[in-house]
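Take a look at the structure set out below.
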């Protein structure tokens, strides 16, 4: 279920509130463009600044917009185990198809602490869980050995890997077996991760080019690594410019330039500088997106 191009979708804001109309239209744009799934309330969705009510609202909207079309993998992680359980149980009640669980940030738990956190969350939900390892955001790296332990839990079915280590990713793929899904958490590393056995991506770049990201994943699934490599290089400038500043600031600017959302981000994030905005605009124009 959780393979191919999943969009780490932004949360559009208008006058400080969730822009439901823009969010629904954006989800439809992703689906019609070929995305294989939607991930609301992840890092790209500014989950850290959403109230619990807004978090629940965004997931509900995503489930309604995606129903019968593509699966919803809801971001429901937290650095508090009990909060992660609560968010996950709400997502399950709302009809989400799975839960994306980030490694607890700021706390800096040990590997045993990570195991206890995720196994406790898994025991309190029936949803399939995708683990999320992103040490650049959380200051803790989940080692392959911990992932292997967690993969033995029935409803922990995969991991979104954003450690940047192809060695660790290869080890996870080798040791966890074919029933465990490894997804890229880095758009620029998608093709290398697919080449060592990854099965897809939770993508920032798919917000603006869902079809190309999906095509790269499908080419790899078909064994056509030459086509996947070609698409990797077609996407290179997009992948670079969308990380010219802290995610999701550049991708929100890009979507605004494309006329799809307002440019609002929530503090402590701020909108792009004029020079960075020009860089985004230049790349979008080159790809015929604005």
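Miscellaneous remarks
- Only a single criterion out of (1) in contact (Cβ under 8 Å) with a residue 12 or more places away in the chain; (2) outside any loop (DSSP other than H, G, I, E, B); (3) over 14 Å from the mean Cα position of the chain (by Cα) is not satisfied by residue 78, namely (2).
- Any hit, segment 263-275, residues being crowded, with 23+ Cβ neighbours inside 10 Å and at pLDDT 95 or above: no
- Segment 220-290 holds helices (runs of 4 or more DSSP H) entirely within its bounds, and those carrying 2 or more residues that are under 21 Å from residue 25 (Cβ atoms) and in contact (Cβ under 8 Å) with a residue 60 or more places away in the chain map to 249-257.
- Residue count for segment 188-208, restricted to those that are surrounded by fewer than 21 Cβ atoms within 10 Å (Cβ to Cβ) and farther than 18 Å from residue 100 by Cβ: 5.
- When we screen 73, 26 for residues that are in a helix (DSSP H, G or I) and either under 18 Å from residue 259 (Cα atoms) or touching a residue at least 24 places away in the same chain (Cβ under 8 Å) (or both), the only hit is 26.
- Taken across segment 38-58, residues that are part of a helix (DSSP H, G or I), touching a helix residue (DSSP H, G or I) at 6+ places or on another chain (Cβ under 6 Å) and in contact (Cβ under 8 Å) with a residue 60 or more places away in the chain do not occur at all.
- Residues that are under 19 Å from residue 171 (Cβ atoms) and in contact with a helix residue (DSSP H, G or I) (Cβ under 6 Å, 6 or more places away or on another chain) were ranked within segment 118-145; the one that is surrounded by the fewest Cβ atoms within 10 Å (Cβ to Cβ) is 143.
- Residue check for residue 95: under 24 Å from residue 207 (Cβ atoms), free of Cβ contacts under 8 Å to residues at least 40 places away in the same chain and surrounded by fewer than 19 Cβ atoms within 10 Å (Cβ to Cβ): yes
- Residues within segment 1-18 that are touching a helix residue (DSSP H, G or I) at 6+ places or on another chain (Cβ under 9 Å), buried (at least 22 other Cβ atoms within 10 Å of the Cβ) and assigned to a loop (DSSP other than H, G, I, E, B), tallied: 4
- Checked against (1) within 21 Å of residue 39 (Cβ to Cβ); (2) crowded, with 18+ Cβ neighbours inside 10 Å, residue 115 passes all but a single condition, namely (1).
- Cβ-Cβ contacts under 9 Å between residues 6 or more apart (or on different chains), taken from a first residue in segment 6-19 that is without any contact (Cβ under 8 Å) to a residue 60 or more places away in the chain to a second residue that is surrounded by 13 or more Cβ atoms within 10 Å (Cβ to Cβ) and assigned to a strand (DSSP E or B), are listed as 11/18.
- Failed item in (1) within 30 Å of residue 29 (Cβ to Cβ); (2) buried (at least 18 other Cβ atoms within 10 Å of the Cβ); (3) touching a helix residue (DSSP H, G or I) at 6+ places or on another chain (Cβ under 8 Å), with residue 103 passing the rest: (1)
The values are calculated or read from the model by the stated rules, or taken from the named source; none is laboratory data. Keep in mind it's a predicted model, so treat the numbers as computed, not measured. For neighbour counting, all protein chains shown are included, and Cβ atoms are generated from backbone atoms with ideal geometry for every residue, glycine included.
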